[in-house]
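Participant: Following this message is one structure expressed as structure tokens.
The values are calculated or read from the model by the stated rules, or taken from the named source; none is laboratory data. None of the values given here were measured: they were computed from a predicted structure. Backbone-built Cβ (ideal geometry, glycine too); neighbour counts: all protein chains shown. Remember, those area values only see protein heavy atoms, side chains included, never the ligands or the DNA or RNA. Shrake-Rupley method; radii C 1.70, N 1.55, O 1.52, S 1.80 Å.
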Amino acid sequence: MAEWFSALSPVLGLALNVAVQVATFRGRPAIGLLRSEYLGFAAGLAGVMVVAGAARSVSSGAAPPVDAAFRVLLSLGCYAALGYCHFHFVNLGETARRIRLLRELHEAGGALSHGELAARYGAGEIVGKRIARLLGTGQVVLREGRYHIGSPLVLTIARGMVALKKVLLKKGSEHER
Amino acid sequence: MGEFVISAGTVLAAFAIHLVAWRVRVPERQTRAVLAIFFGTLATALLLLPVLAASWPALRIPVPVPMPSYLSISGFVTAVTLAYMITYSAVEVDSPSLVMVLAIDRAGPGGLPESEFDQGMSDALLVEPRIRDLLRDGLIREEDGLYRLTPKGVRMARLFIRHRWLLGAGKGG
């Protein structure tokens, strides 16, 4: 029985993560989407540790401590990956262009011409929203009419993605030939 | 310990197959191919698990292999596969935010003038490739000069509309 709880603990943790994130953001929108995601992740992590730890104590003696420790590690790794998926699912709804285009088509009754679609969601809005987010989070700063890097976090992620593209696709951008 | 070793080994093997396959030829539908490789490797690992457990006692997996062991390995590999699939979408497609940050960084210590920032950020670069993705993935189709949602596209749109409603959030994008 303890093994079943240990194996299922990442799913229980994800459920707790989603519930806390939604409740926090709905209850206090001022907290912001990102902080609500961090809180949800932390709550789920605590849940996994409690369930996996309890499963370990119930089965103590049945398995060597090293095996039990690896089982907890596997549960935590599985939860971390599920939490990462949830984080990105929330962010897809917030930032993904493909999702926004689908929404626009859905709201228009399912069909739009190219011009109508571009008028509803175009480069101006895409750039405007993103620069506002980058300025709002301090990743980019505006001084005397010029943009500068404010914090190296997003720049480091961008460089990492370019490196991964070069390893996998042998090019640094989808627009390169 | 055995479940951990098998899980980590399965993910590493799948990633190695993925790298080798991409060196030979990058597939047209990349995400689908990534999923096929990772889940194919998982299925192979699960089929071989009783043999591995019996022939490699150091793994300390009981024989017959208990169901929770299968569940732990499947859960971990599935979660990591989905996490990688999401990350891979940023490899396949340029994120506008990351492109902007790289452009600012390339401008050097003097910074990038606001007036130059919008240059090159056109619908052709930011919107049209994503419309082509939706067509390729069967989420929309082009008919009589109109883009129309397919049933798959409607399901995807509703999923996110409901989730955003649950959060009490706006349109996004």
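Participant: Which residues, counting only those in region B:1-32, are charged (D, E, K, R) and outside any helix (DSSP H, G or I)? Please lay out each step first, then the result.
Facilitator: Within region B:1-32, the subset charged (D, E, K, R) is B:3, B:23, B:25, B:28-29, B:32.
Residues satisfying the conditions are B:Arg25, B:Glu28, B:Arg29.
Participant: Same structure, new question: Quick one: A:Arg56 ticks every box in (1) in contact (Cβ under 8 Å) with a residue 60 or more places away in the chain; (2) over 26 Å from B:Ala169 (Cα atoms) except a single one, so which number is it?
Facilitator: (1)
Participant: Six or more apart or on different chains, Cβ under 6 Å: which pairs go from a residue in region A:89-106 that's small (Gly, Ala, Ser) to one that's open to solvent by 50 Å² or more (accessible area, probe 1.4 Å)? Could you list them?
Facilitator: Cβ pairs passing all conditions: none.
Participant: Out of the residues in region A:125-140 that are of a type in the set (Val, Ile, Thr), out of contact with any Gly (no Cβ under 8 Å at 6 or more places or on another chain) and under 19 Å from B:Asp118 (Cα atoms), which is farthest from the other protein chains (Cβ to nearest Cβ)? Please lay out each step first, then the result.
Facilitator: Applying the first criterion (of a type in the set (Val, Ile, Thr)) to region A:125-140 yields A:126-127, A:131, A:137, A:140.
Within this subset, residues satisfying the condition of being out of contact with any Gly (no Cβ under 8 Å at 6 or more places or on another chain) are A:127, A:131, A:137.
Keeping just the survivors that are under 19 Å from B:Asp118 (Cα atoms) gives A:127, A:131.
Numbers: A:Val127: 5, A:Ile131: 7 Å.
Per the stated criteria, the residue is A:Ile131.
Participant: Scan region B:1-36 for residues that are open to solvent by 60 Å² or more (accessible area, probe 1.4 Å) and either among the aliphatic types (A, V, I, L, M) or more than 30 Å from A:Pro64 (Cβ to Cβ) (or both) and jot them down.
Facilitator: B:Leu12, B:Ile17, B:Val20, B:Arg23, B:Val24, B:Arg25, B:Glu28, B:Arg29, B:Arg32, B:Ala36
Participant: Tell me which of these A:Ile149 doesn't satisfy, since it passes every other one: (1) touching a residue at least 12 places away in the same chain (Cβ under 8 Å); (2) open to solvent by 30 Å² or more (accessible area, probe 1.4 Å); (3) in contact with a Gly (Cβ under 9 Å, 6 or more places away or on another chain); (4) not charged (D, E, K, R).
Facilitator: A:Ile149 satisfies every listed condition except (1).
Participant: Is it the case, given these coordinates, that A:Gly110 is within 25 Å of B:Gly172 (Cβ to Cβ), facing chain B (nearest Cβ under 10 Å) and in contact with a strand residue (DSSP E or B) (Cβ under 6 Å, 6 or more places away or on another chain)?
Facilitator: yes
Participant: Next question, about the same structure. Those residues that are touching an Asp or Glu at 6+ places or on another chain (Cβ under 7 Å) and either modelled with pLDDT of 90 or more or within 16 Å of B:Asp118 (Cβ to Cβ) (or both), I need them from region A:148-177; list them, please.
Facilitator: A:Ile149, A:Leu155
Participant: Being under 27 Å from A:Val90 (Cβ atoms), more than 10 Å from chain B (Cβ to nearest Cβ) and open to solvent by less than 70 Å² (accessible area, probe 1.4 Å) is true for just one of A:Gly77, A:Gly40. Which residue is that? Lay out the reasoning, then the answer.
Facilitator: On the way: A:Gly77 fails: more than 10 Å from chain B (Cβ to nearest Cβ).
Only one candidate qualifies: A:Gly40.
Participant: Also, I was wondering about something else. Taking the stated definitions as given, is A:Leu102 in contact with a strand residue (DSSP E or B) (Cβ under 9 Å, 6 or more places away or on another chain), under 22 Å from B:Leu166 (Cα atoms) and assigned to a helix (DSSP H, G or I)? Please lay out each step first, then the result.
Facilitator: Working: in contact with a strand residue (DSSP E or B) (Cβ under 9 Å, 6 or more places away or on another chain): yes; under 22 Å from B:Leu166 (Cα atoms): yes; assigned to a helix (DSSP H, G or I): yes.
So A:Leu102 fits the description; yes.
Participant: So, in region A:141-177, exactly how many residues are within 9 Å of another protein chain (Cβ to nearest Cβ), over 23 Å from the mean Cα position of the chain (by Cα), farther than 17 Å from B:Gly108 by Cβ and among the basic types (Lys, Arg)?
Facilitator: Looking only at that region, the number is 1.
Participant: Taking region B:37-95 as the search range and keeping residues that are open to solvent by less than 20 Å² (accessible area, probe 1.4 Å), over 25 Å from the mean Cα position of the chain (by Cα) and under 23 Å from A:Val48 (Cβ atoms), which one is farthest from the other protein chains (Cβ to nearest Cβ)?
Facilitator: If we take residues in region B:37-95 being open to solvent by less than 20 Å² (accessible area, probe 1.4 Å), over 25 Å from the mean Cα position of the chain (by Cα) and under 23 Å from A:Val48 (Cβ atoms), then B:Ile61 is farthest from the other protein chains (Cβ to nearest Cβ).
Participant: Identify all residues within region B:113-157 that are facing another protein chain (nearest Cβ under 7 Å), basic (Lys, Arg) and open to solvent by 60 Å² or more (accessible area, probe 1.4 Å); write none if there are none.
Facilitator: Within region B:113-157, B:Arg148 is the sole residue that qualifies.
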